[in-house]
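The values are calculated or read from the model by the stated rules, or taken from the named source; none is laboratory data. All values reported here derive from a predicted model rather than from experimental measurement. Glycine also receives a Cβ, built like all others from the backbone with ideal geometry; neighbour counts cover every protein chain displayed.
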Amino acid sequence: MPWMTEHAETPAPPKGFTALTLLCSVDESMGPWFLRENDDGSRTVGFRVEDRHLNVNGVCHGGVTATFADILARVFNETYSGAAGTAPVVGKMATITLDIDYLGPGQPGAWIEATPEVVKRTGKMLFTQALICDGETPVARCKAIYRLFHKKGGTD
């Protein structure tokens, strides 16, 4: 059964993807976002470009791509400990830096996905990178630095 939005009928995500539960309403308003657990312990995040994601040029708005890039960190917040398949609770995170290079347009109806990688993790910092693609075609690449908070209130 196709994924339904208030705007139009959208094809379901590819096999193996399930809805990603998000923490804030801003992320939810731009979604839905989907997650797939990979055999190697990595995770792939994706979304379908809908009409509401388009800019005046008729392709995926850069702000949507940037939000998607920032959401990729949630995957690490839930799972990364330095070894694939392990999942300690980190707590809240804050974006320090998010750099994006836009490499090509996300076309209407395209399935956009990324499998983010950890470059480095320290006690309080997480460094990540990802190539965001439409199939084999790169749409953007991103790198980010996040501040990790180990207590529930967002402070150490």
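Kindly check whether there is at least one residue in segment 76-91 that is crowded, with 20+ Cβ neighbours inside 10 Å and modelled with pLDDT under 85.
Within segment 76-91 (the criterion being crowded, with 20+ Cβ neighbours inside 10 Å and modelled with pLDDT under 85), the answer is yes, since at least one residue qualifies.
Could you please give the count of residues in segment 109-120 that are surrounded by 16 or more Cβ atoms within 10 Å (Cβ to Cβ) and either out of contact with any strand residue (DSSP E or B) (no Cβ under 7 Å at 6 or more places or on another chain) or of a type in the set (V, I, T) (or both)?
Residues flagged as surrounded by 16 or more Cβ atoms within 10 Å (Cβ to Cβ) and either out of contact with any strand residue (DSSP E or B) (no Cβ under 7 Å at 6 or more places or on another chain) or of a type in the set (V, I, T) (or both) within segment 109-120 amount to 3.
Sort out which residues of segment 99-129 are in a strand (DSSP E or B) and modelled with pLDDT of 95 or more, and write them in order of number.
Hits for segment 99-129 are D99, I100, D101, Y102, W111, I112, E113, A114.
Please specify each residue of segment 55-65 satisfying the condition of being surrounded by fewer than 17 Cβ atoms within 10 Å (Cβ to Cβ) and on the phi < 0 side of the Ramachandran plot.
If the condition is that a residue be surrounded by fewer than 17 Cβ atoms within 10 Å (Cβ to Cβ) and on the phi < 0 side of the Ramachandran plot, then N55, V56, N57, G62, G63 are the ones that fit.
Kindly establish whether I71 is within 17 Å of the chain's Cα centre (by Cα), surrounded by 17 or more Cβ atoms within 10 Å (Cβ to Cβ) and modelled with pLDDT of 95 or more.
So I71 fails the test.
So which residues in segment 38-49 are in a loop (DSSP other than H, G, I, E, B) and either closer than 14 Å to D134 by Cβ or touching an Asp or Glu at 6+ places or on another chain (Cβ under 9 Å) (or both)?
Answer for segment 38-49, where residues must be in a loop (DSSP other than H, G, I, E, B) and either closer than 14 Å to D134 by Cβ or touching an Asp or Glu at 6+ places or on another chain (Cβ under 9 Å) (or both): S42, V49.
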